[in-house]
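Bear in mind these aren't lab numbers, they're just calculated from the coordinates by the rules spelled out. Note that the coordinates shown come from a computational prediction; the quantities given were computed from them, not determined experimentally. Note that each Cβ is placed from the backbone with ideal geometry, even for glycine, and that neighbours are counted across all protein chains shown.
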């Protein structure tokens, strides 16, 4: 073995040493190298659902409105301006004349109309169809109740004017429109490859794809690389600094960290937990830890005794030392969660809290009939098979054992089995996470209503459901915030969920990458990203 | 010459010869004793150590070896020493038992297939091919879904895959042995088939079996780690060497001891088993005695 | 021999059919489907998606459709990767895995065979202990440990190679060593055992007694019998290596086939599971056939029957 290595070293010595880093070469050419975490399933903005797809859509598509890179407030996109009717129901968008598809076709109001008709077509089966349900009659059309699309609240006034009518005034509607499901698709191309009403069509292959964003899809090697190059037809091409973005689908966070250190990436997708302290101490200039609109929590099955008892649920919630979990286990600047909605979501921070209070928890458990944990049945914590979920579950298991003197088991299942168990409420306690689609508390609180598609806890509180119904007819921001406070107070008082922490995004980024600003949705419009002018520093 | 146990007291001379030769092989004896010692330490050690496998102390998570924690702590602040020892109990149990089971199935299957040949061989070998192609990931998922958490399933899952190559190898050996004079003679003499199989064929493939066993034990132990991670084997807070090595491998640079100590125990056991196995192979070699 | 190969080829048809049937029903029996997601899709959306992919039909109809199409070479679209077909995914990733497997096997044979033969020539000497200890090391160090160590050493510390990726020839080196080292160890151990078995046999002594040179005894007489276990092992081993390794592909981000075996099952990508399993089965069958032919060719006393 040693001799083989020596031979190899002789053979490669001349070639290997002092080679310039890939990141340095790429930087000279204006190419950004980022790890996107996983191979995209498809690049159809109307059917794809994953984070990795969305991060590519951000480069190759543009909606009517776009996002400010700092705080994501709506800025002109394909629409150069818009008017909102006084009652907040009708949005009129004025499209710019120079907006073009990557093949040179103009982007018109008709494109948006046809695109939105496509996503609402029941046969297409788009997952994010509900993002359009703010629009008048969209839900009725999508569920087949009405067949005539002209009744849906979309209207082409002229090629440069597009009108949207909503069901109720929705103050955060423009933010919702930043979601990929609001991007236009090039209907003639979609049609050509038979993708108008189905997913599995070849129009999204690199050689076929026509897009309207700052970049276009040039090359897609499966599980290897996706290259997006600057689009000369983009209306704001002068703002775009990068010539190309290369997206890698490296799944293992250890692998991507090594690639980053070897100078193959400008930005990683995440960072292994064990590596965070080292970067915090030694290379804080490369490390980013940014608040992220998401909550890590446990669902409790409120139908299964003894978990049907509110006191038991509260006892469980109060005896999780969340601070210890974020400081010693996750370690990426996460905040211990004492309520559900992340603080500062569109100006809302919950007042209701579940404290960490072991004495109170013991008292509640005794009141529920299990003094000192005696007679408490053995429960199972379900989690999907991921190392960090296991670690947290093990910590919680031990906390409950020490604080409440109850024994819980751990049960991990592969992802789809775990989803099926949650869906059929065939679990006792299970780990969960929720990442917001848009920055509004509604996106966190509407799931706990009765029959909410993502409730899965069996929790059904009529007062809560009533508040939610009331919310639908409230458009004054202050009133909405008041309702959210009440809803969250109910949620925390009955604890169908046990909050653990609020997510952060932890990743590495080369200091020469500029225009990459922290924000809670982790959206980074690439057209504002550029390389610093100074020479890249020596590798670390 | 090849063995002719017919002319001797069945068993006694063959096995006592083998035992004699085995005990003369110092390295083999040393290997055997080491394995026993490791087993003993794993069994008794946890009784002496003042920590339990499940005791967490997040304040000291990920600490390097110290006087209080000889092998350091893991990412939840558990004492790694006691976890390595307790894990050793599981790994040795699973490694030895599952290997024994897989090899027994593989050897019998391969011998029968190779000896009888013809249609039976064709069917048996096609079945092996079917088992090779079985989607293991789905199989594991289904086992868990339909039978829940059960330690026995671990053996089922390991058993389902580990015997296949053994069966193929033994079949190949038996096919070639069958053509040799002593087997043809035995057949011509009209000896019963089971006698030929157990007294003539299997002793002659024991060398290969033992070599393959020393290769199977580590792969079984590591497979146990993978299956446990998937939720099929042992459940936290219990551990095994396979699980510990997997966990340790994710943080080689930051917490090298979390990989090093379980890996040392694992390797030491395998090296010892290997020396013991080689000695056993030599001792059981039916031809070696004639030298 | 032609007849033997023809019969085996015919036998492969029912084998593949059984495998396809077993896999089809196993994958459909697993909970969850290709479209179950963390954010539950509405029942209407789910129904529409299932209709698109024909999952709304009775299971037996689906099975029939699948078989009919598979016989005609159409494995269908992937459920997970919507704009790619199963054949495309396998067609893109298999060459990568096959190349990696080829290099790994080359390394394994180049190290394993000589080491095993050397050890068998001088058993219980340092020529035996040294290569066998290295081999044991290869068995004790799992790929998921060796891979990161190689990447850290040669990718980051020495900077000879990239730490991951599959773009230039340099990217082949570390994954191939990682994959090959383990197999080399297996081959070395099996070769030593097989050779020792043979070296004590009568015909070797006869050959030596007749004055055949040691080289001729070794390469003509001993190797033919001694390599039997290795050859049997190589069938499944080569099949496994050229169809990719989940661990090695993950560590080095190699766009190979290995990850699909595991991930397609976990994704309930029904068509992809069936495609990969049938593909793998065909390769196993083919290689076992080659092994069986080789066994006969190496052993003049065996006949094709």
For this session: Return the calculated 222 nm mean residue ellipticity for chain A, to the nearest 500 deg cm²/dmol, obtained by summing -39500 (n - 2.57) across DSSP H runs with n ≥ 4 and dividing by the residue count.
Result: -8000 deg cm²/dmol
Seminar exercise, completed: Longest principal axis of chain B (C-alpha) makes with the long axis of helix B:136-147 (C-alpha) an angle, in degrees to the nearest 10, of 70
Problem set entry | For chain C: rounded, prolate or oblate by the Cα gyration tensor [a/c cutoff 1.5] | oblate
For this session: Over every pair of different alpha-carbon atoms in region C:190-305, take the mean of 1/r and invert it; report that Kirkwood radius in Å.
Result: 16.9
For this session: Show me B:141-151, B:221-231, A:323-333 ranked by packing, highest mean number of other Cβ atoms within 10 Å first.
Result: B:221-231, A:323-333, B:141-151
Exercise. Pulled fully out, how much extra length does the chain show between residue C:50 and residue C:299, if you take 0.36 nm times their separation in residues and subtract their Cα-Cα distance?
Worked result: 84.1 nm
For this session: Mind telling me which of B:44, B:22, B:96 comes out most flexible in a GNM of chain B, alpha-carbon contacts under 10 Å?
Result: B:44
Problem set entry | Cα-based helix-to-principal-axis angle, C:2-29 vs chain C, degrees rounded to 10 | 40
For this session: Answer rounded, prolate or oblate for region A:201-265, using the Cα gyration tensor with square roots of eigenvalues a ≥ b ≥ c: rounded when a/c is under 1.5, else prolate when a/b is larger than b/c, else oblate.
Result: oblate
Exercise. Taking the convex hull of the alpha carbon atoms in region A:62-197, what volume per residue do you get, in Å³?
Worked result: 112
Exercise. If you count, for every residue in A:216-225, the Cβ atoms of partner chains within 10 Å of its Cβ, what is the mean?
Worked result: 4
Seminar exercise, completed: Per its Cα gyration tensor (rounded if a/c is under 1.5, else prolate when a/b beats b/c, else oblate), region B:198-291 is best filed as prolate
Problem set entry | Rotationally averaged projected area of region C:156-236 (alpha carbon convex hull; nm²) | 7.8
Problem set entry | Mean separation of Cα contacts under 8 Å, 6 or more apart, over the residue count of chain C: relative contact order % | 27
For this session: Could you list the square roots of 5 times each eigenvalue of the Cα gyration tensor of region A:304-460, that is, the equivalent ellipsoid semi-axes, sorted largest first and rounded to whole Å?
Result: 24, 19, 18
Seminar exercise, completed: Listed with the fewest Cβ neighbours within 10 Å leading, A:273, C:100 appear as A:273, C:100
Exercise. Taking the alpha-carbon set of chain B, what are its Rg and Dmax in Å?
Worked result: 22.3, 75
Exercise. Per-residue mean of other chain beta-carbon atoms within 10 angstrom of the beta-carbon, peptide B:168-181?
Worked result: 5
Exercise. Remind me, relative contact order of region B:97-216 in percent, using alpha carbon pairs under 8 angstrom and six or more residues apart?
Worked result: 43
Seminar exercise, completed: chain B, Gaussian network, Cα under 10 Å: of B:214, B:104, B:250, the residue fluctuating most is B:250
Exercise. If each of residue A:310 and residue C:17 carries a label point 7 Å out from its Cα toward its Cβ, how far apart are those two points in nm?
Worked result: 6.4
Exercise. On a 0 to 90 degree scale, rounded to 10, what angle separates helix B:26-48 from the longest Cα axis of chain B?
Worked result: 40
Seminar exercise, completed: With bins of 5 Å, the percent of all Cα-Cα pairs of region C:21-119 per bin from 0 is 2, 10, 13, 17, 14, 11, 8, 7, 6, 5, 3, 2, 1, 0
Seminar exercise, completed: Residues C:195, C:26 in order from fewest to most other beta-carbon atoms within 10 Å are C:26, C:195
For this session: For a quick protection proxy, order the peptides C:208-215, C:79-86, C:40-47, C:105-112 by their average other-Cβ count within 10 Å, most packed first.
Result: C:79-86, C:105-112, C:40-47, C:208-215
Exercise. Taking each residue of B:59-70 in turn, how many C-beta atoms of other protein chains fall within 10 Å of its C-beta, and what is the average?
Worked result: 1
Seminar exercise, completed: Using alpha carbon centers only, region A:504-526 is separated from region A:256-329 by a whole-angstrom value of 18
Exercise. Rg/Rh for the protein assembly as shown: what does it come to with C-alpha atoms and Rh from Kirkwood?
Worked result: 1.00
Exercise. Given the rule -39500 (n - 2.57) for each run of at least 4 DSSP H residues, summed and divided by the residues of chain C, what is its mean residue ellipticity at 222 nm, to the nearest 500 deg cm²/dmol?
Worked result: -23000 deg cm²/dmol
For this session: Take peptides A:348-359, A:109-120 and line them up by average Cβ neighbours within 10 Å, highest first, as a rough protection proxy.
Result: A:109-120, A:348-359
